[in-house]
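Here's the structure, in structure tokens; my notes come after.
The values are calculated or read from the model by the stated rules, or taken from the named source; none is laboratory data. Here the structure is a predicted model, which is why all the values come from computation and not from measurement. Note: ideal-geometry Cβ built from the backbone for every residue, glycine included; neighbour counts use all protein chains shown.
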């Protein structure tokens, strides 16, 4: 759900940047037995729907595995879940599995020596491929191993308020939002007509992850690339400059809000559009008469264009002794049956090869989720790169200074940020 996103804030950045230099390496998996079995502990997020899903999957497992009991709890309270996990790695007391592992934090957890490569298990890589197909490739680490099981995604799409669009004289069934030109013209009409104060209002704050909900979905949709590919930044490009140019105009014309906003600008009617994932279906169902479409591109949005995944994954942590049980339970909890339960109970998209084809009854009964399931086949996540959080913070600082607040030319800011990031990922 959306409420979890702000939990990955600036406090994580300061902690992660400190611990990245603490050493530890990624070879501690050698001290564990990939076949050892017995009782294990696991952590789930504090999302109520995921907690309910986790409760039933643990009960189902324990019923048939009395000698390999799984004990589950929510991630302990702390400033952020990433900070709690990092502290647990340092102390050596993480559970075997955490079902809330952020892909952006994986490089840092790996540098701490906190993660077990799934390659340690005989069928590890083959299971990931069988379940996720080509989508799983992007989660491999630079050393060629995979330290996270791609679990579930929340493909970012564009929600729009039909009531506000109708008030502005815009179509509510086929709104002109496909290209950057369309998007800007529609934004201007929404505000000039008085239908809404802002066309769109992503958070303008400086936390590293905020670029995942303004710049990154559009960049991914237009370029199909991650922020960094092959140890080189990709956004100092025609695609990156075009996205920055669009947002620069939105901010300069006061079509997007620059100030902090308490609450939800889309739910409140302050903004006519929002970049969101499938969690928004239930979040807005009683508040907004919404429609959904893909984010715009330079030439026009299409059904098969990519978007940001906003995934949460599962990792095996090196404090785990009974790793054979941990791996077996991980496979059990991400089986076709349990992924179906996850979909039904949370509305989040398991990272599987063919969601619509595998769960036709669910999508027939819940057609509002079908568009997200189709998009889940075309998701791009954050790059698995060294200094991941620092990379994103470097980008966000540049974006904020130039695009949002107009203190620097965006093209120069992107070029300078790319140079800094290239140094970060090869140091």
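Observations on the model:
- Checklist (1) touching a residue at least 12 places away in the same chain (Cβ under 8 Å); (2) more than 23 Å from residue 347 (Cβ to Cβ) applied to residue 238, failing item: (1)
- Helices (runs of 4 or more DSSP H) wholly inside region 357-427 containing at least 3 residues that are touching a residue at least 24 places away in the same chain (Cβ under 8 Å): 370-375, 388-399, 410-426
- Candidate set from region 124-144 (those that are part of a loop (DSSP other than H, G, I, E, B) and in contact (Cβ under 8 Å) with a residue 60 or more places away in the chain); member that is farthest from the chain's Cα centre (by Cα): 143
- Looking across region 312-327 at every residue that is part of a helix (DSSP H, G or I) and over 26 Å from the mean Cα position of the chain (by Cα), the one that is surrounded by the fewest Cβ atoms within 10 Å (Cβ to Cβ) is identified as 324.
- Count of region 145-177 residues which are buried (at least 18 other Cβ atoms within 10 Å of the Cβ), touching a helix residue (DSSP H, G or I) at 6+ places or on another chain (Cβ under 7 Å) and assigned to a loop (DSSP other than H, G, I, E, B): 9
- Verdict on residue 135 being touching a helix residue (DSSP H, G or I) at 6+ places or on another chain (Cβ under 9 Å) and modelled with pLDDT under 95: yes
- Neighbours by Cβ (under 8 Å, 6+ apart or cross-chain): first from region 64-83, touching a residue at least 12 places away in the same chain (Cβ under 8 Å); second loosely packed, with under 14 Cβ neighbours inside 10 Å: 67/38; 68/38; 72/55
- Only one of the numbered conditions (1) in a loop (DSSP other than H, G, I, E, B); (2) buried (at least 23 other Cβ atoms within 10 Å of the Cβ) is not met by residue 303, and that is (2).
- Residue check, residue 295 within 24 Å of residue 94 (Cα to Cα), at pLDDT 95 or above, touching a helix residue (DSSP H, G or I) at 6+ places or on another chain (Cβ under 7 Å) and crowded, with 20+ Cβ neighbours inside 10 Å: no
- Qualifying residue in region 271-280 (condition: in contact (Cβ under 8 Å) with a residue 12 or more places away in the chain, assigned to a loop (DSSP other than H, G, I, E, B) and closer than 25 Å to residue 195 by Cα): yes
- Set 310, 286: member being out of contact with any helix residue (DSSP H, G or I) (no Cβ under 6 Å at 6 or more places or on another chain) and at positive phi: 310
- Residues of region 206-223 that are modelled with pLDDT under 95 and in a loop (DSSP other than H, G, I, E, B): 206, 207.
- So residue 377, is it more than 18 Å from residue 211 (Cα to Cα) and modelled with pLDDT of 95 or more: no
- The one condition in (1) under 14 Å from residue 210 (Cα atoms); (2) modelled with pLDDT of 95 or more; (3) out of contact with any strand residue (DSSP E or B) (no Cβ under 7 Å at 6 or more places or on another chain) that residue 362 fails to fulfil: (1)
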